[in-house]
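Below: one structure, written as structure tokens.
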Amino acid sequence: MEHILSLSYGKDSLACLGAIEQLGWRLDRIVHAEVWATDTIPADLPPMVEFKARADEIIKARWEIEIEHIRAEVTYEQEFYRLFAGGKRQGTIYGWPYLRGPWCNSRLKGAALDKIDGNCVKYWGIAADELERIAKHKDKPNVKMPLVEAGWTEADCREWCEDNGLLSPIYHTAARGGCWFCHNQRISELRRLRSEYPELWAKMLVLDKASLVRFKPDKTLADFDRRFAEEERQLSFNFDLEERKE
């Protein structure tokens, strides 16, 4: 049986490399489920794309394993515009995922990971102090948690990543580590996306206009766009007032 590390590039999954090394466990493959927004645009923001490439080089040089970037056969955009085949919404597009039971998890990440042969040992990056997650997954067949066996906490994982040049930029800034189009983003993350990546924000507004499902249960993305625009106008107005006083 092959021994495979499922890598997310977060501190815990990366620190599994150190824990596996410390424990002396076998490691045959490292697999990462890649999500794409469109055929040409990745789901990660540019800083994360750059970090992944740099991390891949470090890992290959030290562990002599090339990261396998696997992906589903479809993109987020393709599934977003997929039509319901039956039911009350027959003939309408999927649109934004619901907060509960979102289609994106199974159709994109899940579909990618399903490509891995089930007859293997899977290493999951769950830290020793994540007690609820440990209890949830401890009895799953062929699943091992190196961090738990090594006794590494989340703080230990961060320290190891810092010491080995493998700490993701999401831990240094407020930038989001997940998909830039994710409906679970906090308002501060949406505000930053609109400010720093206007071209991606514009693509989200196009999706928002087409979706019958609201981006949030009580708000569309267009609602947030108007809110942020008003905040900018108010900030500019206050700045002008201060300038005149001086």
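Only the coordinates and a few stated rules stand behind these numbers; no lab work does. Quick caveat, the model's predicted, so the values are computed rather than measured. When we count neighbours, we look across all protein chains shown, and the Cβ atoms used for this are built from the backbone with ideal geometry, even at glycine.
State the Cα centre-to-centre distance between the range 58-73 and the range 172-220 in whole Å.
That distance is 29 Å.
Relative contact order (percent) for the range 2-177, with alpha-carbon contacts under 8 angstrom and 6 or more residues of separation?
31 percent.
Rank by packing, highest mean first: peptides 151-159, 210-218, with packing defined as the count of other Cβ atoms within 10 Å averaged across residues.
Sorting 151-159, 210-218 by mean packing, highest first, produces 151-159, 210-218.
Hey, any idea what Rg/Rh is for the chain, computing Rh the Kirkwood way over Cα pairs?
Result for the chain is an Rg/Rh of 1.03.
Straight-line reach from Lys144: which lysines have a Cα under 16 Å away, not including same-chain ones fewer than 8 places off?
Lys122, Lys136
Run the quick spin-label model on Tyr81 and Ala229: label points 7 Å from Cα toward the beta carbon, then report their separation in nm to one decimal.
According to this spin-label approximation, the distance is 2.5 nm.
Using just the C-alpha positions of the range 110-245 as equal point scatterers, what log10 of I(q)/I(0) does the Debye formula give at each q in 0.09, 0.22 1/Å?
For the requested q values the scattering log ratios are -0.50, -1.22.
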